[in-house]
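Working notes, beginning with the structure itself.
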Amino acid sequence: MKPNVHLKDVIDEMDSFGDEYRSFLNIQTGEFITLSDEELGAAEEGRSLEDYPEWQRELIQKASEVLSTDDYCKLPSKFDIHEYSIMESFCYSVEDDGLRRRLLNSIQGRGAFRYFKDTIHEYGVADDWYRYRYQALREIAIHWLEGNNIAYTEETEKKSGG
C-alpha cells in the first residue's frame with residue numbers, strides 16, 4: 001500500500017531546492033530525494049562513476065534509479081512555480097492603493113526579487129507575503145499531488161505533551 005504523503009512536507013521540499021536541483025518523491029515509500037542537474041546528467045548519459053568523488057557516486061547511482069523506474073515523481077521545479085507571478089498576484093491583492101503601486105513598482109526590472117523583499121519589510125507586510133506565498137505553494141502542491149494520483153494528508157504527526 002502506498003503511503004499518504006504529508007502536504008506540508010511536499011510544500012517544504014518544493015520550497016527548498018534551487019535552480020540547479022530537482023526533487024523527486026518516491027511514491028512507494030513517501031521519501032524525497034534531491035539531485036543536482038550534474039548528477040542527473042551523469043546518470044542519464046551513463047558517465048563513469050570513477051570520474052566523480054566518492055560522495056557523489058552514490059547520488060549518481062540514485063539518479064540512475066530515479067530515471068529508470070516509475071517509482072519516482074518529479075516535484076514542480078522553480079520554473080513550474082513561477083515565483084514572479086505569485087509576487088505580482090500578491091501585489092494586486094493588497095487593498096491599499098499606494099502600497100499596491102509601491103509593491104508593483106518594486107517588481108519591475110532588474111533586481112525585482114530583492115526590491116520586492118526590501119519593500120515588504122519596509123512597509124511591514126512581510127508576514128502577509130509569506131502567508132500568501134505559502135498558500136500559493138500549497139495550491140501548487142495539491143494540484144501536483146492530485147494530478148499524479150498521490151494520496152496526501154494535511155495533518156502532521158502530533159507530538160505528545162506531558
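Any idea how far the Cα center of region 91-154 sits from the one of region 66-84, in Å?
21 Å
Taking +1 at the Cβ of each Lys and Arg and -1 at the Cβ of each Asp and Glu, which of VAL125, PHE90, PHE113 sits farthest along the dipole of region 79-138 towards its positive end, judged by Cα position relative to the Cα centre?
Looking along the dipole axis, the top candidate is PHE113.
Does region 79-138 come out rounded, prolate or oblate by the C-alpha gyration tensor, with a ≥ b ≥ c the root eigenvalues, rounded set by a/c under 1.5 and, if not, prolate when a/b is larger than b/c and oblate if not? Please report the intermediate quantities before stating the final value.
Working: a/c = 1.58, a/b = 1.19, b/c = 1.33.
It comes out oblate by the Cα gyration axes.
On average over all directions, what projected area in square nanometres does the chain have, based on the convex hull of its Cα atoms?
On the way: hull surface 55.9 nm².
Result: 14.0 nm².
For ASP118 and LYS74 in the same chain, what is the full-extension length gain: residue separation times 0.36 nm, less their Cα-Cα distance, in nm?
Numbers: separation 44, 0.36 × 44 = 15.84 nm, distance 3.24 nm.
Full extension from ASP118 to LYS74 adds 12.6 nm.
Across the chain, how many lysine pairs separated by 8 or more positions, or lying on different chains, have Cα atoms within less than 27 Å?
14
Using the alpha carbons of region 18-76, what is the convex hull volume per residue in cubic angstrom, as a whole number?
On the way: hull volume 4.8 nm³, N = 59.
Cα-based convex hull of region 18-76, divided per residue, equals 82 Å³.
Using a 10 Å cut-off around each Cβ, can you sort PHE116, PHE17 from fewest to most neighbouring Cβ atoms?
Values: PHE116 23, PHE17 17.
Fewest to most other Cβ atoms nearby, the residues stand as PHE17, PHE116.
Apply 1/(1 + (r/R0)^6) to the Cβ-Cβ distance of GLU38 and SER89, taking R0 = 25 Å, and write down the FRET efficiency to the nearest 0.05. Numbers along the way, then the final one.
Working: r = 33 Å, r/R0 = 1.34.
Rounded to the nearest 0.05, the efficiency is 0.15.
When only C-alpha pairs under 8 Å and at least 6 residues apart count, what is the relative contact order of region 1-68, in percent? Provide the component values of the computation, followed by the final result.
Values: 60 pairs, mean separation 17.2, N = 68.
So the answer I get is 25 percent.
Treating only the Cβ atoms of Lys and Arg (+1) and Asp and Glu (-1) as charged, compute the dipole magnitude of region 18-76 about its Cα centre; round to the nearest 20 debye.
Working: 5 positive and 15 negative charges, 39 e Å.
Dipole about the Cα centre, nearest 20: 180 debye.
Can you tell which of SER16, THR69, LEU40 lies farthest toward the positive end of the dipole of the chain, using +1 and -1 charges on the Cβ of basic and acidic side chains (Lys, Arg; Asp, Glu)?
SER16
How much length, in nm to one decimal, is gained on full extension between ARG131 and GLU146, taken as 0.36 nm per residue of separation minus their Cα-Cα distance?
Values: separation 15, 0.36 × 15 = 5.40 nm, distance 2.24 nm.
In short, 3.2 nm is gained.
Over region 9-143, calculate the relative contact order: mean separation of alpha carbon pairs under 8 Å at least 6 apart, over the residue count, as a percent. Can you show the working numbers first?
On the way: 119 pairs, mean separation 31.1, N = 135.
Reported as a whole number, the value is 23 percent.
Please get the size of the charge dipole for region 1-141, origin at its Cα centre, with Cβ charges of +1 on Lys and Arg and -1 on Asp and Glu, quoted in debye to the nearest 20. Don't skip to the answer; put the middle values down first.
Numbers: 17 positive and 30 negative charges, 125 e Å.
Using only the charged Cβ atoms, the result is roughly 600 debye.
Each value in this text was obtained by applying a stated rule to the coordinates, not by laboratory testing. Here the structure is a predicted model, which is why all the values come from computation and not from measurement. All Cβ positions, even for glycine, are placed from backbone atoms using ideal geometry, and neighbour counts span all protein chains on display.
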